[in-house]
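What follows is a set of notes on a single structure, which appears directly below.
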Amino acid sequence: MSWRAVKDEQIYTDEEVDARLKTELPHWYLEKGWIRRKYKTSGWKSTLMLATTVGHLAEAAFHHPDMSLSYAFVIVKLTNHAAKGITNKDFELAKKIEDVIMWQPGKEDGALDGTPDDPRFKYIKYD
């Protein structure tokens, strides 16, 4: 069955999760029933900004991750507790988080330059 045919609450097998992560979210990985991503930051203020951004996206989606925070990183973990496994909700929220957190406006056409390439202004370590 194609992943596109899976209903929102239907859970994926570990093999299906791994295949989707490989093609859609290569910096995420499956571990102990969760899809996970570690974001590296430049320090505590950056960690808090990242965690708050993930919190906003999760609340807007009404699908909430577990997070671990430290001085220079945030680990985001997603699973669907109600379905007891990984579902489309997890993949969709992971993609939204990835798109927002890893956005680099300076690499696109447009008026926004993005964060200067200067250690004083860095806040996230892009892949």
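The values are calculated or read from the model by the stated rules, or taken from the named source; none is laboratory data. These numbers come from a predicted model, not from an experiment. Neighbour counts are summed over all protein chains in view; Cβ atoms, including those assigned to glycine, are modelled from backbone coordinates with ideal geometry. Note: areas computed on protein heavy atoms with side chains; ligands, DNA, RNA excluded. Shrake-Rupley method; radii C 1.70, N 1.55, O 1.52, S 1.80 Å.
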Of the criteria (1) loosely packed, with under 13 Cβ neighbours inside 10 Å; (2) at pLDDT 95 or above, which one residue 106 fails = (2)
task = Could you tell me whether any residue of region 83-95 is more than 14 Å from residue 20 (Cβ to Cβ) and loosely packed, with under 14 Cβ neighbours inside 10 Å?
result = yes
Members of region 21-36 found to be open to solvent by 10 Å² or more (accessible area, probe 1.4 Å) and out of contact with any Leu (no Cβ under 7 Å at 6 or more places or on another chain), listed by number = 22, 23, 24, 26, 27, 31, 32, 33, 36
query = Only one residue in 81, 27, 64 is over 15 Å from the mean Cα position of the chain (by Cα) and closer than 19 Å to residue 12 by Cα, so which one is that?
reply = 81
task = Determine whether residue 9 is charged (D, E, K, R) and either open to solvent by less than 80 Å² (accessible area, probe 1.4 Å) or in contact (Cβ under 8 Å) with a residue 40 or more places away in the chain (or both).
result = yes
query = Which of the residues that make up region 109-127 are of a type in the set (Asp, Glu) and either more than 20 Å from the chain's Cα centre (by Cα) or surrounded by 12 or more Cβ atoms within 10 Å (Cβ to Cβ) (or both)?
reply = 109, 113, 117, 118
Index of the failed condition, residue 45 passing every other in (1) touching a residue at least 12 places away in the same chain (Cβ under 8 Å); (2) on the phi < 0 side of the Ramachandran plot; (3) surrounded by 13 or more Cβ atoms within 10 Å (Cβ to Cβ) = (3)
key: Close pairs from region 59-75: first free of Cβ contacts under 8 Å to residues at least 60 places away in the same chain, partner open to solvent by less than 60 Å² (accessible area, probe 1.4 Å) and part of a loop (DSSP other than H, G, I, E, B), Cβ under 9 Å, at least 6 apart   = 65/79; 66/79; 71/43; 72/42; 72/43
key: All helices (runs of 4 or more DSSP H) inside region 1-113 with 3 or more residues being β-branched (Val, Ile, Thr) and under 20 Å from residue 126 (Cβ atoms)   = 44-61, 88-101
